[in-house]
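A short write-up of the structure that comes next.
The values are calculated or read from the model by the stated rules, or taken from the named source; none is laboratory data. Given the structure is predicted, the values throughout are model-derived calculations rather than measurements. Cβ: placed from backbone, ideal geometry, glycine included. Neighbour counts: every protein chain shown.
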Amino acid sequence: MIQIVPDLFPNLFDKERIESQNFGPEKVSCNGSGQVCSNRFAIDVTTRGVLKVKYVVPPTHCSPIKIHFYLDGDRVRSTGTLGWKGASGQFSSLPLTSDQIDLGPVSSGNHSISLEAEGEAAGCNRGQLNSWLGNLQVWTSVLDK
């Protein structure tokens, strides 16, 4: 029978833990004349495989928005329409956060996450998305030694 002694093989017993980080809010200015913002909110993260995200609508937003998530340059997920604080009528019941979105498992290492906003003509949006705030919560896995 072979017995493994933890002191001789410490890496075999390293545990992963999930870590949460908040990024933003950070203003993103849009160029052009449409509803899809030409500029993205981008961050880099390191993980051992777990990668989850959640967009939180900042209190200064005043119109509906959809968020498109990109992982390492590829569009991977999108939210439904998100509302804004103080919205009325048909917009009052829209969520103010995305659900937690699982982008993993991903390969261990560095990854780029970027968010693209798509506006909708309502609230303070008069047919063009001029700016929005990137505001993201991210969960990654790290080694707990």
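Taken as a whole, the structure places Val106 among residues that are assigned to a loop (DSSP other than H, G, I, E, B), under 16 Å from Glu19 (Cβ atoms), touching a Leu at 6+ places or on another chain (Cβ under 8 Å) and at pLDDT 95 or above. Looking across the range 49-78, the residues that are surrounded by 13 or more Cβ atoms within 10 Å (Cβ to Cβ), of a type in the set (Gly, Ala, Ser) and part of a loop (DSSP other than H, G, I, E, B) come down to Gly49, Ser63. Among the residues of the range 34-48, those identified as touching a residue at least 60 places away in the same chain (Cβ under 8 Å) and not in a strand (DSSP E or B) are Gly34, Gln35, Cys37, Arg40, Arg48.
Of the residues making up the range 15-33, those that are in a loop (DSSP other than H, G, I, E, B), modelled with pLDDT under 95 and surrounded by 11 or more Cβ atoms within 10 Å (Cβ to Cβ) number 1. All conditions but one from (1) within 26 Å of Ser141 (Cβ to Cβ); (2) surrounded by fewer than 17 Cβ atoms within 10 Å (Cβ to Cβ) apply to Ser88; the one that does not is (1). Of the residues making up the range 79-93, those that are in a loop (DSSP other than H, G, I, E, B) and within 18 Å of the chain's Cα centre (by Cα) are Thr79, Gly80, Thr81, Gly83, Trp84. Do we find a residue being under 21 Å from Arg40 (Cα atoms), among the acidic types (Asp, Glu) and without any contact (Cβ under 8 Å) to a residue 60 or more places away in the chain anywhere in the range 112-120? Taking every residue of the range 112-120 in turn, none turns out to be under 21 Å from Arg40 (Cα atoms), among the acidic types (Asp, Glu) and without any contact (Cβ under 8 Å) to a residue 60 or more places away in the chain.
Of the residues making up the range 91-104, those that are within 16 Å of Lys66 (Cα to Cα) and either exposed (fewer than 14 other Cβ atoms within 10 Å of the Cβ) or touching a strand residue (DSSP E or B) at 6+ places or on another chain (Cβ under 9 Å) (or both) are Ser92, Ser93, Leu94, Pro95, Leu96, Thr97, Ser98, Asp99, Gln100, Ile101.
Looking at this structure, is Asp44 out of contact with any strand residue (DSSP E or B) (no Cβ under 9 Å at 6 or more places or on another chain) and among the charged types (D, E, K, R)? No.
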